[in-house]
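First comes the structure, then the notes that go with it.
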Amino acid sequence: METVKNNKVFLIETLSADASIILQHVQNDNIITRRDYNNLNQTNHTQEQIIIKLLDNVMYKGNEVCHKFLKMLEKEELQEIFPRLKELFTPDKTSAERESRPAMAQATNQGKGD
């Protein structure tokens, strides 16, 4: 759950490019229920709102669901659609590096403006 929580802003920015694809995959992989899907897939929600609610839903369900969600994001198919996911998931990174990498990159970029 920590990886999702620590990289929530990164995931929102990345996955909001096409929330409908992510919803299809999480439903297909049984990460969310049909009811969850219907609640998330509202026409009055922005892409960003859908992803925020999805991430909150996944984290609420606990570590096992978070792990399943992260494994889904590692799929080559999704990394082709969302190339920035490669910043979080590369074969040579340890889980500790995965948890801190995008958050550290954001902090570094913010520090450059000072």
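The values are calculated or read from the model by the stated rules, or taken from the named source; none is laboratory data. On a predicted model such as this, the values are computed, not experimentally measured, just so you know. Cβ atoms come from the backbone with ideal geometry, glycine included; neighbour counts cover every protein chain shown.
Here are the numbers for the structure shown:
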read-out: Complete set of residues in the range 30-41 that are part of a helix (DSSP H, G or I) and under 15 Å from Cys66 (Cβ atoms); value: Asp36
read-out: Within the range 30-55, tally of residues that are surrounded by fewer than 18 Cβ atoms within 10 Å (Cβ to Cβ) and either at negative phi or touching an Asp or Glu at 6+ places or on another chain (Cβ under 6 Å) (or both); value: 16
read-out: Verdict on Thr90 being at pLDDT below 95, of a type outside the set (Lys, Arg) and touching an Asp or Glu at 6+ places or on another chain (Cβ under 8 Å); value: no
read-out: From the options Gln106, Gln27, residue that is in a helix (DSSP H, G or I), surrounded by 11 or more Cβ atoms within 10 Å (Cβ to Cβ), modelled with pLDDT of 95 or more and polar (S, T, N, Q); value: Gln27
read-out: Count - residues of the range 18-48 that are within 20 Å of Leu85 (Cβ to Cβ) and of a type outside the set (Asp, Glu); value: 14
